[in-house]
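What follows is a short report on a single structure.
No lab work stands behind these numbers, since they all come straight from the coordinates. Just so you know, these numbers come straight off a predicted model, no measurement behind them. Ideal geometry is used to build each Cβ from the backbone, glycine not excepted, and the neighbour counts take in all protein chains shown.
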Amino acid sequence: ERRHAPEPRLREVRAGEDAGKLGFRLAGGPPGHIPITAVHPGTWAESAALEVGDTVVRVNGEDLQGLTQAEFMQHLARRPLSLWVEQASPPGAVDAPNPSPDEAKPSIINDSKAEASEA
């Protein structure tokens, strides 16, 4: 039997030890999966090809369904960081190759505490 709904497109992106501020904004927080609402130009998030509409589903191996906001923020502050993202796929979009985690280059370092929805 053919499936009519496309499977979610999941991919992992990694921020290395030297990554600073990630450069994206989220709509809310856990528990639950969180959509990306903004990707700031010139940041790690942009170089990792994150896009508005993508949804963060796992962080450092843990599903966001089982995390508190505080636990999630602790994970976001750790390096290296692993995020599993369900990619948004606009109608008619053509699949493009994803950059490897080694190609994602952090470019902004910010040691200040960010608000809960800013990474």
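Tabulated values for the structure
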item: Where GluC sites (Glu not before Pro) fall in DSSP loop in segment 4-68, at most 16 other Cβ within 10 Å; result: E17, E51
item: Net charge of neighbours whose Cβ lies under 10 Å from the Cβ of R58, counting Lys and Arg as +1 and Asp and Glu as -1; result: -4
item: Integer Hz, Karplus 6.51/-1.76/1.60 couplings in order for segment 60-69, x for Gly and Pro; result: 6, x, 10, 5, 5, 4, x, 10, 8, 4
item: Segment 3-89: trypsin sites (Lys or Arg not before Pro) falling in loop per DSSP and having at most 13 other Cβ within 10 Å; result: R3, R78
item: Segment 16-66 - Debye-derived log10 I(q)/I(0), Cα point model, q = 0.19, 0.27 Å⁻¹; result: -0.65, -1.08
item: With eigenvalues of the C-alpha gyration tensor scaled by 5 and rooted, segment 43-93, Å; result: 22, 14, 8
